[in-house]
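S.K.: One structure is given below, represented as structure tokens, and several questions about it will come after.
The values are calculated or read from the model by the stated rules, or taken from the named source; none is laboratory data. Predicted model, so just to flag it, every value in this text is computed and none were measured. Ideal geometry is used to build each Cβ from the backbone, glycine not excepted, and the neighbour counts take in all protein chains shown. The area values use the complete protein model at the heavy-atom level, side chains included, leaving out ligands, DNA and RNA. Shrake-Rupley method; radii C 1.70, N 1.55, O 1.52, S 1.80 Å.
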Amino acid sequence: MVTISGKSVFGGVSIGKLLFYKRSEKVIKRTHVDNVDDEWARFQKAKDTAVSQLKELYEKALDDVGEANAMIFEIHQMMLEDLDYLESIENIIRTQEVNAEYAVAATADNFAKMFAAMDDAYMQGRAADVRDVSERVLDILCGVSKGMKEMDEPCIIAADDLAPSETVQLDKSKVLGFATMFGSSNSHTAILARTMNIPAVIGMGEALLQEYDGKDAIIDGFTGTLYIDPDEETMKAMQEKRARDLEQKALLETLKGKENVTKSGQKINVYANIGNVSDLGAVLKNDAGGIGLFRSEFLYLENSDFPTEEQQFAVYKQVAESMAGKKVIIRTLDIGADKQVDYFGLDKEENPALGYRAIRICLTRPEIFKTQLRALYRAAVFGNLSIMFPMIISVKEVLKIKEIIAEVKEELTSEGIPFKDDVELGIMIETPAAVMVSRELAKEVDFFSVGTNDLTQYTLAIDRQNSKLDEFYDPHHPAVLAMIKMAADNAHAEGAWIGICGELGADLELTEEFLKMGLDELSVSPSMVLPLRKRIRECE
């Protein structure tokens, strides 16, 4: 038995044969041409054929993986019509008097290197796309058919990595899982795996050998492990693990599409908390009604420098589009306390939980805040996006936020950049101060979301990071519940809605209590959406 470790991008266990993705091989040679006009026309014909193929792939992807993930094929069509790309190919053909195949290959290589060298993560991702569209044109010019051998039985697909045009052509009914040498959590393979709800392990490197093609294999998507020729003991353990997982999923699957409504008819929204774009598949898989908390700070935590407006815009737009009209609440950056980022240059604090963090950074460093707000207002055009501000303690802060938003809108208008004007605004209720002035705050915003983790620590004066205080830390404390009730009453009195996005929202012992308080929404981790729906439907 061979055991290979990688990075899991979707959980579950799959057992079957390993099938390596076989690409059609072609050799690109540089040859002299006598008639450059004919050669340029030959390229244009191949390019038009490629555009037609991409249109067909877009239609197929719409059915398989939804509009947001199918968009890549529209992007590829635009790439083939890009003037810089076309001018480069034409210039090489005419000035060097060479064949179209060589001109396309050279241009693809040059453009891919150019994209890969850029600082912007979004533009770096375009390197793979320009290679993919160029390979399609080369296949047409060389008369080579794109694709892999027929899948006779369900199997685990292995590859170095897969381009979007390759994944969409797979027979989805026969794909048990993905195992790749390279790729990232946001690669097209990973996105497809999450959309299809099948196990996938990426980043196994050179240990994933072609010689394993056709061998029995197991993917453990929970641990990020691939077993080749598993022994009897491993096979038995994995079969049991798969059975338990499928049993649990089957029980909860029956709740998909059902309303979050009690026996007496009271309804409540159940949304999901996520910290990364890679969590979107889990949100859709678990049938969440929307996203109640998107922790935007991951963009800052994963970067070595401040993320640009374009980087942020691309991520927020992807989330908004993927949720297809369902509510997406994005929390502005919550850096500080236990989430430190070196390039922010924050001083070491004696008590960071009570220190320079979240909205306090945004209001004192407006250049950072404005970049995020610009990206958010631009992305709001593409879906049902709301913005939420953390660690609020006063009405004065909310009014200052609104002033900065007005400046951002004015800038975008003067620059002629499209944005949505009437974005829903909300605040986190995380401090006793916010609770005590919640009636006044509710007059300024559209909604509240209670961050119960911080609210509990500030109400009880207990550092939630200090394990020595665990026996004193009581999120069910009557004072904490009274705070939530008070915020709910004040929100409703002023026509605002209120939800919970902290850990307490998933506490099934308190679900009935929250329903009695009249909360409008509970936002929990994706895996808790269906268990929470089950509990709500059991309540009187």
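S.K.: Calculate, in nm to one decimal, what E259 and K236 gain on full extension: separation in residues at 0.36 nm each, minus their alpha carbon distance.
M.R.: Details: separation 23, 0.36 × 23 = 8.28 nm, distance 3.81 nm.
Result: 4.5 nm gained on full extension.
S.K.: Which angle between 0 and 90 degrees, to the nearest 10, do you get for helix 395-414 versus the longest principal axis of the chain when only C-alpha atoms count?
M.R.: Helix 395-414 and the main axis of the chain meet at about 30 degrees.
S.K.: Working out 0.36 nm times the residue gap between A493 and K26, then minus their Cα-Cα distance, what length gain in nm do you get to one decimal?
M.R.: Numbers: separation 467, 0.36 × 467 = 168.12 nm, distance 6.97 nm.
Full-extension gain reported as 161.2 nm.
S.K.: Rolling a 1.4 Å sphere over the protein heavy atoms, what is the accessible area per residue of the chain, to the nearest Å²?
M.R.: Counting only protein heavy atoms, the per-residue value for the chain is 45 Å².
S.K.: In whole Å, what three semi-axes, largest first, describe the equivalent ellipsoid of the range 242-383 built from its Cα gyration tensor (square root of 5 times each eigenvalue)? Walk me through the numbers before you get to the answer.
M.R.: Working: eigenvalues 222, 66, 47 Å².
They are 33, 18, 15 Å, listed from largest to smallest.
S.K.: The list (1) 0.95; (2) 1.09; (3) 1.80 gives values of Cα Rg over 2.2 N^0.38 Å, and only one came from this structure; which label was calculated from it?
M.R.: The value matching this structure is (2).
S.K.: For the range 380-427, what is Rg from Cα atoms divided by 2.2 N^0.38 Å, rounded to two decimals?
M.R.: 1.25
S.K.: What Kirkwood hydrodynamic radius do you get for the range 293-364 when you take the inverse of the mean 1/r over all pairs of distinct Cα atoms, in Å?
M.R.: For the range 293-364, the Kirkwood estimate is 13.4 Å.
S.K.: Assuming 0.36 nm per residue, please report the length gained on full extension of the stretch L62 to Q96 beyond their Cα-Cα distance.
M.R.: Working: separation 34, 0.36 × 34 = 12.24 nm, distance 4.11 nm.
Stretched out fully, the L62 to Q96 stretch lengthens by 8.1 nm.
S.K.: Still on this structure: So how far, in whole Å, is the C-alpha centre of the range 69-92 from the one of the range 246-307?
M.R.: 35
S.K.: Could you pull out the pairs from K241/K516; K22/K172; K60/K215; K317/K534; K172/K267; K236/K258 whose alpha carbons sit more than 28 Å apart here?
M.R.: K241/K516; K60/K215; K317/K534; K172/K267; K236/K258
S.K.: Per residue of the chain, what 222 nm ellipticity follows from adding -39500 (n - 2.57) for every DSSP H run with n ≥ 4, rounded to the nearest 500?
M.R.: Taking each H run of at least 4 residues, the total per residue is -14500 deg cm²/dmol.
S.K.: Need one number: % antiparallel among DSSP beta bridges in the chain, to the nearest 5.
M.R.: 30
S.K.: Now for a different question. Are there trypsin sites (Lys or Arg not before Pro) in the range 1-43 that DSSP marks as loop and that have at most 11 other Cβ atoms within 10 Å, and which are they?
M.R.: Passing both the DSSP loop test and the Cβ count: K29.
S.K.: How much accessible area does H477 have with a 1.4 Å probe, in Å² rounded to the nearest 10?
M.R.: 70
S.K.: Right, another one. Using a 1.4 Å probe and counting only protein heavy atoms, arrange L141, L412 so the residue with the most accessible area comes first.
M.R.: The most accessible residue leads, giving L141, L412.
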